[in-house]
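Participant: Quick one: this structure, given as structure tokens, is what I'll be asking you about.
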Amino acid sequence: MQLLISCHDEELLEHKSDLDEQLEVWVKDHEHFSAVLDEQSSALQVQVKKAEQLKLPLNFLYKMAKQYKLEFAISQLDDNSGEWEEVCYFGHEEGRPDIFEVACYVGL
């Protein structure tokens, strides 16, 4: 299952270069993930088959959320439309992501 964990928070622009740099460094050490960086968002694209595979990226991004006071959205790729659909959120205000709750939201 393909997921996109992205930040497009209003606060992102203030910290975007730092966050993008940290995402790129993290992805180099974790080959199963890829960074998706554009002018308006910073994201990790992940391919998962079981809930435990969410632990590493969610913990890393939650740390970034707390450090920069950001919010993240977890989106699932809709096979029919090819569009990303946001299914849940976590971050500075939303709180720590529950891995098994996220897995339920995305159907793992």
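Participant: If a paramagnetic tag sat 7 Å from the Cα of Leu37 along the Cα-Cβ line, which residues of region 61-76 would have the backbone N under 19 Å from that point?
Facilitator: Residues 61-73 fall inside that zone.
Participant: So what is the accessible area of the chain per residue, in Å², with the probe set to 1.4 Å? Kindly include the intermediate steps, with their values, before the conclusion.
Facilitator: Working: 6560 Å² over 108 residues.
Per residue, the chain has 61 Å² of solvent-accessible surface.
Participant: How far, in nm, would the chain grow between Val87 and Ser17 when pulled straight, counting 0.36 nm per residue and subtracting the alpha carbon separation?
Facilitator: On the way: separation 70, 0.36 × 70 = 25.20 nm, distance 2.61 nm.
Between Val87 and Ser17, full extension yields 22.6 nm more.
Participant: Using only the alpha-carbon atoms, how far is helix 55-68 inclined from the longest principal axis of the chain? Give it as 0 to 90 degrees, nearest 10.
Facilitator: Between the helix axis and the principal axis of the chain, the angle is about 30 degrees.
Participant: With no solvent and one equal point scatterer placed on each C-alpha of region 1-98, evaluate the Debye formula and give log10 I(q)/I(0) for q = 0.14, 0.18, 0.21 Å⁻¹, two decimals.
Facilitator: Ignoring solvent entirely, the Cα scatterers give -0.47, -0.79, -1.09.
Participant: Based on DSSP H runs of at least 4 residues, each adding -39500 (n - 2.57), what is the mean residue ellipticity at 222 nm of the chain after dividing by all its residues, to the nearest 500 deg cm²/dmol? Intermediate values should be presented prior to the final figure.
Facilitator: Working: 3 runs with 40 residues, N = 108.
Only helices count here, giving -12000 deg cm²/dmol.
Participant: Let me ask something else about it. What is region 59-100 by shape, rounded, prolate or oblate, if you read a ≥ b ≥ c off the alpha carbon gyration tensor as root eigenvalues and call it rounded for a/c under 1.5, prolate for a/b larger than b/c, and oblate otherwise? Mind showing how you got there, number by number?
Facilitator: On the way: a/c = 2.95, a/b = 2.35, b/c = 1.26.
Note, shape of region 59-100 comes out prolate.
Participant: Can you give me the relative contact order of the chain as a percent, contacts being Cα pairs under 8 Å and 6 or more apart? Let's see the in-between values first.
Facilitator: Values: 171 pairs, mean separation 32.8, N = 108.
Reported relative contact order: 30 percent.
The values are calculated or read from the model by the stated rules, or taken from the named source; none is laboratory data. The model shown is predicted, which means the values in this text are computed figures rather than measured ones. Reconstructed Cβ throughout: ideal geometry from the backbone, glycine too, with neighbour counts over all protein chains shown. Heavy atoms of the whole protein, side chains included, go into the accessibility calculation; ligands, DNA and RNA do not. Shrake-Rupley method; radii C 1.70, N 1.55, O 1.52, S 1.80 Å.
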